[in-house]
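The values are calculated or read from the model by the stated rules, or taken from the named source; none is laboratory data. Computed from a predicted model, the values in this text were never measured in an experiment. Quick reminder, even Gly has a Cβ in these numbers, built from the backbone with ideal geometry, and neighbours come from all protein chains shown. Remember, those area values only see protein heavy atoms, side chains included, never the ligands or the DNA or RNA. Shrake-Rupley method; radii C 1.70, N 1.55, O 1.52, S 1.80 Å.
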Amino acid sequence: MTTGLATRPTQDPSEIPSFQPIQASMVALDGFVVRNDFSSTIQRYIRRETILWQLLKKRQATNDPVKEPREGPLPTAGFVSKIDLNPPENPSDLPAADLSDPGQSIKAVSGIIKVGHYARSLYRAQGRPLGDIVAEKTDKLLLNIVKLIERNLFTGNATTNPLAFNGISNQMRAGRVFSVDTTATSNNSVIAKLRSVIRLAVNDPDTSRTITHIFASGLGLEQIEKELLAQTQYNHMLEIIPGVKVPAIMTQVGPVPIVPTPYIQDTDGGAGTDTLHYHLININELSWQGVYPEGGDESFNPQIFDVSAYTSDAAPYLLEKRMGLIYGTLYAENAGESIYRVDATVPTGTVGSA
């Protein structure tokens, strides 16, 4: 393999709209130059394609895996005589912190497009008959990275794919899934079950929990709207991010928004009944723990890097690459204490039909 540096006269940027001129047009194979000009495109896709990502607080990860102490047993306290003030003493070995949380490892999400130098040169000589293909491929790469992150915030599974991060489904504690059968003749209200689960979550006198958002598929939201219409209940609307309003139901903790997302997939039971999935979370206990890519911006959003390199197969040739990259993981504080799920049984044929 041959690597090296080469320079060429700076060209007019209007002549090469897909790649800005790089003074060192060829750098070592692993040399990267960040593309700040894609930040507006990335922000546009984030606003258009994500909800949960925008709601998450972003933090700089300082360790891998990311882990924090869980809420442990509270020190003993009680009523005592006001005369001698002889309170019960807590043992010296009372755990100061519960460190049983296994933590979540930082992961990388990336994609790369490659363009041969001669192919680009010949395409340019023909006047780019199909438009700027490099820019179009970059656009699609960014879109796919953003969608991949949002999807895995819900369904990511590091057990089936060790390179992926765990989504909310796989950071939920055991015993937090509740069911309701809408085909039954009684106790078949999804809204009533959601309210009951929220009441159960917040009524623990020792562990502080709350539910701030409920995420569901579009079909799951339809089920809620049908019940509200049948019960002639008022459909509250809440603005969860600037410009985005969603329906909400009244619960013990006040109105809780029902946020539709295409990244929650309901279960088609075939000849049997179908199942709708509702994810109940406390957004304040979820965060994206990220690492800034070396050579890039101090941003937790996906970033674009350019690489120019000599590579060697049968003969050396110039290959230009454009890579999207982000480091981080979803982290549920307190070992997922405030993540619940409600599975609603619905008639067969409901999922996948209009």
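General remarks:
- Verdict on Asn203 being open to solvent by 70 Å² or more (accessible area, probe 1.4 Å), of a type outside the set (A, V, I, L, M, F, W, C) and under 26 Å from Ala335 (Cα atoms): yes
- Residue within segment 119-133 that is hydroxyl-bearing (Ser, Thr, Tyr), more than 21 Å from the chain's Cα centre (by Cα) and over 30 Å from Met250 (Cβ atoms) present: yes
- Filter result (out of contact with any helix residue (DSSP H, G or I) (no Cβ under 6 Å at 6 or more places or on another chain) and open to solvent by less than 30 Å² (accessible area, probe 1.4 Å)) within segment 282-295: Asn282, Leu286, Ser287, Trp288, Gln289, Gly290, Pro293
- First in segment 103-119 and closer than 17 Å to Leu143 by Cα and at pLDDT 75 or above, second anywhere and among the small types (Gly, Ala, Ser) and surrounded by 14 or more Cβ atoms within 10 Å (Cβ to Cβ), Cβ under 7 Å, 6 or more apart: Ser110/Gly324; Gly111/Gly324
- Among the residues of segment 184-209, those that are among the β-branched types (Val, Ile, Thr), out of contact with any Ser or Thr (no Cβ under 6 Å at 6 or more places or on another chain) and modelled with pLDDT of 90 or more comprise Val190, Ile191, Val197.
- Answer residue from segment 236-256, given it is within 16 Å of Val202 (Cβ to Cβ) and of a type outside the set (A, V, I, L, M) and is most open to solvent (accessible area, probe 1.4 Å) among those: Gln252
- Within segment 150-162, the set of residues being in contact with a Gly (Cβ under 9 Å, 6 or more places away or on another chain) and either closer than 20 Å to Ile112 by Cα or buried (at least 19 other Cβ atoms within 10 Å of the Cβ) (or both) comprises Arg151, Asn152, Leu153, Phe154, Gly156.
- All positions within segment 163-180 that are surrounded by 16 or more Cβ atoms within 10 Å (Cβ to Cβ), within 16 Å of Tyr278 (Cβ to Cβ) and not polar (S, T, N, Q): Gly167, Ile168, Met172, Arg176, Phe178, Val180
- Between Ser169, Ser217, Ser179, the distinction of being under 23 Å from His236 (Cα atoms) and modelled with pLDDT of 90 or more belongs to Ser217 only.
- For segment 17-62, the set of residues classified as within 22 Å of Glu320 (Cβ to Cβ), among the acidic types (Asp, Glu) and modelled with pLDDT of 50 or more consists of Asp37 only.
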